[in-house]
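Every read-out reported here was derived from the displayed coordinates using simple, explicitly stated rules and does not represent laboratory data. Nothing here was measured: the structure is a model prediction, and the numbers come from that model. When we count neighbours, we look across all protein chains shown, and the Cβ atoms used for this are built from the backbone with ideal geometry, even at glycine.
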Ligand SMILES: Cc1cc2nc3c(=O)[nH]c(=O)nc-3n(C[C@H](O)[C@H](O)[C@H](O)COP(=O)(O)OP(=O)(O)OC[C@H]3O[C@@H](n4cnc5c(N)ncnc54)[C@H](O)[C@@H]3O)c2cc1C
């Protein structure tokens, strides 16, 4: 039987980052197994490409701080573009929460977070209906990244250092013997290994179950409308988010073919978390969603409401939600079995921190650059769930 030290299951941005960070530490006897014919066909290739430090929990804020530093300074192009995130609130309680979060962010070292009143938001976004907006916050280091470029950058960095990646190779089962990982069974035969890292996003629960481990990750469809505006979008438009409804918009970029993106300067993405969605693996875009999101746009911004949807570019993908909307990073009761999954919609932006954390846990037993113990799988059994008020 063929064998390697470590099998990484899943070749999205999280698996690629885990491989990259292990390879940086000199561990390259690794194979990434990706069942798709290419990388990025899971959630990574469908993400909006937002990155922000404006979270509510210490662990999410610190993961973002580390990751933004990485996106800014790493050895490959990440498309990091700090246009900012502007959160606005139409309810007093939501505004108070944004302010509390901003105070916590500042205390942890996040630079430049601004508290804005309604007039200032109107000044910055004159095309938006701000009548009901009480205020908000702006994070100048927040902004955009290119999920496909980040995934490819991690992969190339890992492969250049000796890691192998095999596409069209699906893992059927994690083999456990005497309480420890012994290998994986795949559609092309068995592979022996000492360590398995499950990075299969929304598809993690079934795979973990083959090793007898319950990993509470639920798939939930998220849809995005791609639309063309009549007039040009301001070049410095940040990500704009309604903190109450989750309605948000940003300029559109086709991450798969950035140079061929048509409608540059006129195309916009907008979406909101549809509370009627129920857990499933459905990734079909539903026209009824476009109608709902246009209804929200009608109130918020004429330029969005008057835009024309580009139906072939509207898309749906899966969030990989955990019960507390925080990632699961670390080992479990089975020796040699690790998870970096359940990012609940933040896996691209947190990929640098998660890859480094899981590499340190595998090699050293714990992450030392950042304490990620609050993201352990055991927190669910211990009832130590986190609360993120900035989950969108
Ligand atoms: C509409 C939408 C917008 C989003 N916007 C953002 C955003 O702005 N910012 C952000 O940070 N995040 C965003 N996200 C979330 C982000 O896309 C995910 O958190 C991230 O891509 C997770 O990466 P991953 O590598 O864990 O999972 P994935 O990219 O899903 O990769 C998992 C891979 O595992 C493979 N796989 C599954 N089972 C097996 C198996 N048995 N054997 C082999 N391979 C297997 C799959 O084919 C897949 O390629 C968004 C998600 C969606 C859907």
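Would you mind giving the average projected area, over all directions, of the Cα convex hull of the chain in nm² with one decimal?
Average projection, Cα convex hull of the chain: 18.2 nm².
Calculate the length of the line joining the C-alpha centroid of the range 1-74 to that of the range 272-299, in whole Å.
28 Å
If you average the sequence gap of Cα pairs under 8 Å that are 6 or more apart and divide by the length of the range 218-321, what percent do you get for the contact order?
47 percent
Taking only Cα atoms, what is the 0 to 90° angle, nearest 10, from helix 58-73's long axis to the longest principal axis of the chain?
90 degrees
If you look at just the Cα atoms of the range 181-255, how large are its Rg and its Dmax in Å?
Spelled out, the Cα radius of gyration and Dmax of the range 181-255 are 20.7, 59 Å.
Obtain the nm distance between the two label points defined at residue 231 and residue 306 by a simple spin-label model: each point lies 7 Å from its Cα along the Cα-to-C-beta direction.
0.7 nm
The range 341-392 to the range 161-237: how many Å between their Cα centroids?
16 Å
What do you get for the angle between helix 147-160 and the principal long axis of the chain? Use alpha-carbon atoms, 0 to 90 degrees, nearest ten.
30 degrees
List the relative contact order of the range 85-140 as a percent without decimals, with contacts defined as Cα pairs under 8 Å and 6+ residues apart.
Computed value for the range 85-140: 53 percent relative contact order.
What FRET efficiency comes out for residue 111 versus residue 2 if R0 is 51 angstrom and r is the Cβ-Cβ distance? Round to the nearest 0.05.
Approximately 0.55, to the nearest 0.05.
Using only the alpha-carbon atoms, how far is helix 13-24 inclined from the longest principal axis of the chain? Give it as 0 to 90 degrees, nearest 10.
Tilt relative to the chain: about 60 degrees.
Mind pulling the per residue volume of the convex hull built on the Cα atoms of the range 218-321? Å³ is fine.
Given the Cα convex hull of the range 218-321, per-residue volume reads 109 Å³.
log10 I(q)/I(0), Debye, Cα-only the range 270-392, no solvent, q = 0.14, 0.23 Å⁻¹?
So the normalised log intensities are -0.75, -1.34.
Highest GNM mean-square fluctuation, the chain, Cα pairs closer than 10 Å: which of 103, 149, 288?
288
Which three extents, in angstrom, do the Cα atoms of the range 85-140 have along their principal axes, listed largest first?
Cα extents, longest axis first: 33, 23, 13 Å.
Could you tell me the relative contact order of the chain? Use alpha-carbon pairs under 8 Å, at least six residues apart, and round to a whole percent.
It rounds to 24 percent for the chain.
Could you give the nm distance between label points at residue 214 and residue 81, where each point is 7 Å from its Cα heading toward the beta carbon?
4.4 nm
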